[in-house]
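The values are calculated or read from the model by the stated rules, or taken from the named source; none is laboratory data. Computed from a prediction, not measured in an experiment: that's the story for all the values here. A quick note on method: Cβ atoms are made from the backbone with ideal geometry, for glycine too, and the neighbour counts reach across all protein chains shown.
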């Protein structure tokens, strides 16, 4: 049975070129980048070359790129250091954030007494930036705003530049979780005055265990992990050289092929929306995920029947898909994102699915998904018919 992978928002397969680049580093450039001999300095040069490439993509200074293990570490480092070292007393966020942001914010509330203000989304999943401005005007406390650029479940995109300008106008720091948009969209941080952002390489066909934090050099952020001068003294510890090189190669390929990849994925997503709408009566799409204004890699589907086992049923048919964020995949209840956007009837009687695409996704794979969902839906139609007959 050929297997179909439609969970690219959780992670993406490594590009062959990325694997080759990483293997070369593991074979040849195994020196410690902090060592002064040639082995170490050769490894150090590789890291700095990637740092410059990332900085060029974001149009920032190389000194503002701090390599980490992933977006979760980057988000934790930024939020916790803002509270512990920059005297942040209040955090403005939303209920739609990734768990690594949501739980870190709650931790700062519990352990540091930080005030937390939540901006409630509208039924389509958008954040009202007028409400952000009102919240910023309502207090003189030193504030951090943390709002993700694109939602990892429903794909709604924040106007990141407008948000950053509002924060700047009111003297607040602005952090954006950019894990889902980094390397998928053009990002110009010379034009967008965001203070902090995050990245995970495995979201764009790079390796797991490699990411970075963008830290505006004027911010004054300090290290949480201490014990060495690595990463501008913001993250102590020996660098993951092959992982950083893999991140760099994946970013290079993503930028080189961004127009081609995005065009293909948009057409696949449009095809998926059309096929599902044609073949499954009553299907809906959550947030703005079915629209052109959403993140093109994500489609959040609401099926017109309740089936908690649908993920397993699709997996048994060789189709890998998610019912929500990968970080919440073991949860018995819907994610906070869907609980905010769906009404009681939809939560009780419908089944959400997150379909996420890459440049490797084909129309044949979408056809296979639709066929499988039709078969599963047919079982519920028969069950409902028999139930009505018994009554």
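Just a few scattered comments:
- If you check 271, 296 for being touching a helix residue (DSSP H, G or I) at 6+ places or on another chain (Cβ under 6 Å), more than 30 Å from residue 28 (Cβ to Cβ), in contact (Cβ under 8 Å) with a residue 60 or more places away in the chain and not in a loop (DSSP other than H, G, I, E, B), only one passes: 271.
- Total residues in segment 125-135, condition within 26 Å of residue 87 (Cβ to Cβ) and touching a helix residue (DSSP H, G or I) at 6+ places or on another chain (Cβ under 7 Å): 3
- Failed criterion for residue 237 (all others in (1) assigned to a loop (DSSP other than H, G, I, E, B); (2) modelled with pLDDT under 95 hold): (2)
- Test: residue in segment 143-156 that is loosely packed, with under 15 Cβ neighbours inside 10 Å and modelled with pLDDT of 95 or more: no
- Residue pairs whose Cβ atoms lie under 7 Å apart, separated by 6 or more positions or on different chains, with the first residue in segment 136-159 and touching a residue at least 40 places away in the same chain (Cβ under 8 Å) and the second surrounded by fewer than 18 Cβ atoms within 10 Å (Cβ to Cβ) and assigned to a strand (DSSP E or B), are 141/115.
Let's see how each residue does on (1) out of contact with any helix residue (DSSP H, G or I) (no Cβ under 7 Å at 6 or more places or on another chain); (2) more than 24 Å from residue 201 (Cβ to Cβ):
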position: 119; (1), (2): no, yes
position: 123; (1), (2): no, yes
position: 138; (1), (2): yes, yes
position: 156; (1), (2): yes, no
position: 181; (1), (2): yes, no
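- Members of segment 69-92 found to be farther than 16 Å from residue 223 by Cβ, within 21 Å of the chain's Cα centre (by Cα) and surrounded by fewer than 23 Cβ atoms within 10 Å (Cβ to Cβ), listed by number: 70, 72
- Residue 247 assigned by TED's automatic domain parsing to the domain that holds residue 201 and assigned to a helix (DSSP H, G or I): yes
Conditions tested, residue by residue: (1) more than 20 Å from residue 236 (Cβ to Cβ); (2) surrounded by 13 or more Cβ atoms within 10 Å (Cβ to Cβ); (3) touching a strand residue (DSSP E or B) at 6+ places or on another chain (Cβ under 6 Å).
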| site | (1), (2), (3) |
| --- | --- |
| 7 | yes, yes, yes |
| 15 | yes, yes, no |
| 22 | yes, yes, no |
| 27 | yes, no, no |
| 31 | no, yes, no |
| 34 | no, yes, no |
| 50 | no, yes, no |
